[in-house]
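**Q** One structure, pasted below without further comment.
The values are calculated or read from the model by the stated rules, or taken from the named source; none is laboratory data. What you are looking at is a predicted structure, and each value in this text was computed from that prediction instead of being measured. Glycine also receives a Cβ, built like all others from the backbone with ideal geometry; neighbour counts cover every protein chain displayed.
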Protein chains: 2
Amino acid sequence: MRPVDSFRSMTSAPPDVFPTPDDPHLTMAVTGVDQTGTTVESKVPVERPLTIFLNTQKIVTAMTIGDHPEELAVGYLLNQGLLRPSDTIVGIGYDAELAVIAVRTKWERNLEQKLGQRTQTSGCGQGTSFGDVLDVIAGVTLPAAELRTSWLYHLTNRINTIPSLYLEAGAIHGAVLCQRDRPIIYMEDVGRHNAVDKVAGYMHRHGLDGANKIFFTTGRLTSEMVIKTVRMGIPILISRSGFTAWGVELARQTGLTLIGRARGKRFLALAGIERIVFDQDLTYVAEESTKLRRKGATNSE
Amino acid sequence: MRPVDSFRSMTSAPPDVFPTPDDPHLTMAVTGVDQTGTTVESKVPVERPLTIFLNTQKIVTAMTIGDHPEELAVGYLLNQGLLRPSDTIVGIGYDAELAVIAVRTKWERNLEQKLGQRTQTSGCGQGTSFGDVLDVIAGVTLPAAELRTSWLYHLTNRINTIPSLYLEAGAIHGAVLCQRDRPIIYMEDVGRHNAVDKVAGYMHRHGLDGANKIFFTTGRLTSEMVIKTVRMGIPILISRSGFTAWGVELARQTGLTLIGRARGKRFLALAGIERIVFDQDLTYVAEESTKLRRKGATNSE
């Protein structure tokens, strides 16, 4: 009988990447008092600086929980358009103590002009886009794809129950790359865009194609979130949270399927509706449990 | 009998500033489908660029819902340390069509060095801090103050029921300046930090002191949120959302009272506990209603 490992490598499916909430580097135990005045201990996610270089050019200092630094750096540079998907990465140097990571490419480009055009956006944990991002997605055509509502309900339920820093310590964002009804890459970070960038970096480093994927984010569906998803070539974006007007407009322009407010039985699709197949009998979908809702409930994002 | 208006001016309390969810400039009606495939109409908040200048220097392009541009510009510049509280503002020029706002001061300073040191943070809607922000709050001592838990419950309940863009369209953050049990300045924006900056700008323009105030945010209690609150001189910060480790550390260093996960009956205080007076009989506090929770429920932030 063939062992599981070689079967896996035969199908060439990469192993799933899920959060590691037990990693002691990612959370800190803190002592406080609760509403009754009782001393309680709780866990909170850490937040540490990581300075990203592209070759000799210092690009940005990101605040991150610190896992998957290579994916974060590569994904950030890709999603900002500072690194092109076709660029050859010849090495990544990471120094945890200095909190520095350098991505080295074969050819250096002049980044002066790009770095001069910053737009501060409404996204979480990022806020720095560069002037030509909008141009880049202008000519993009996203592939035909299918989203069955049965997959959607299975995905949201599974993502809410996979052990995560969010369930452990709260105050964190998740970004999950999915295929059909299966979450395959689940990244977390204090900044929502860091989590997204980690997924983008992972996809690039492992040669994953976005065409047959579904992207799930815990954050709001802003213009920036739509731009990143389109850049990653993923045709379907789902969130528990709400929309902004520009996010909806950009999704319609680029033909992205945009689904928000996906909680329990409910969702609202505002763009790319033609990809949705309503195959789920709603009688068998539960409303979101209070337990899931409680910890994460908040006004927005 | 004295009319209400002159009574108000006699006490010199400025009028409360609350959201204007009916303003047609702030939301857009969109059509989509829900989980049953039924066509539905919904409202989403707008998101538009606003480029902020300090004198002749272009500082940043922010994505904002667009209300209170003067407060946003002044607050942003103050919270980034680009404008000092003591600087005299000689004028603010706002051009809605060009989406440009310029704050003019008596003296121009050389901002080259400051603008060169950007740290990308985990905050929403901002993400650009400048290098010397940490130095500025290092020497700050926040004043003695009191937070009665009866005020806290009254505040959170009141803020959740004041008509707002959040209740109308979701996907938005709120920042509320409060005094005792009374919300007085309630600003909203797609980016959490824009909402905070608008409050800071309002306080500066109207000469409001932070010492006897309480600050409420819908966003997470990150380092950036703590830094801004300390800069504004406010000794107490409350949020529905969770904490990050660095946010907690900075609050402890600066003596800020930091309360998170404030929902219904619950809260968790992780710094500055000595300011809290537990005067509320918890028997009379309701758990948060499902109605309030539903729309805003999300994984984080």
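**Q** Checking A:ALA73 against (1) at negative phi; (2) under 21 Å from the mean Cα position of the chain (by Cα); (3) at pLDDT below 95, which single condition isn't satisfied?
**A** That leaves (3) as the condition not met.
**Q** Is it the case, given these coordinates, that A:SER86 is crowded, with 16+ Cβ neighbours inside 10 Å and either within 21 Å of A:HIS206 (Cβ to Cβ) or within 14 Å of chain B (Cβ to nearest Cβ) (or both)?
**A** It is false that A:SER86 is crowded, with 16+ Cβ neighbours inside 10 Å and either within 21 Å of A:HIS206 (Cβ to Cβ) or within 14 Å of chain B (Cβ to nearest Cβ) (or both).
**Q** Right, here's the next one. Which members of region B:96-123 meet the condition of being at pLDDT 90 or above, aliphatic (A, V, I, L, M) and not in a strand (DSSP E or B)?
**A** Hits for region B:96-123 are B:ALA96, B:LEU98, B:ALA99.
**Q** Let me ask something else about it. Quick check on B:ARG261: is it outside any loop (DSSP other than H, G, I, E, B) and at positive phi?
**A** Against the criterion (outside any loop (DSSP other than H, G, I, E, B) and at positive phi), B:ARG261 qualifies.
Table: residues versus (1) surrounded by 24 or more Cβ atoms within 10 Å (Cβ to Cβ); (2) touching a strand residue (DSSP E or B) at 6+ places or on another chain (Cβ under 6 Å).
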{"site": "A:TYR153", "(1), (2)": "no, no"}
{"site": "A:ARG180", "(1), (2)": "no, no"}
{"site": "A:MET187", "(1), (2)": "yes, yes"}
{"site": "A:GLY191", "(1), (2)": "yes, yes"}
{"site": "A:GLY201", "(1), (2)": "yes, no"}
{"site": "A:GLU224", "(1), (2)": "yes, no"}
{"site": "A:THR244", "(1), (2)": "yes, yes"}
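**Q** Residues in region A:78-95 that are closer than 29 Å to B:ALA245 by Cβ and at pLDDT 95 or above: how many?
**A** 4
**Q** Report, by residue number, each residue of region B:35-57 that is more than 10 Å from every other protein chain (Cβ to nearest Cβ) and hydroxyl-bearing (Ser, Thr, Tyr).
**A** Selection gives B:THR38, B:THR56.
**Q** For B:ILE276, state whether it is surrounded by 19 or more Cβ atoms within 10 Å (Cβ to Cβ), more than 21 Å from the chain's Cα centre (by Cα) and more than 7 Å from chain A (Cβ to nearest Cβ).
**A** yes
**Q** So in region A:14-34, with the set limited to residues that are of a type in the set (A, V, I, L, M, F, W, C) and in contact (Cβ under 8 Å) with a residue 40 or more places away in the chain, which one is farthest from the other protein chains (Cβ to nearest Cβ)?
**A** A:VAL17
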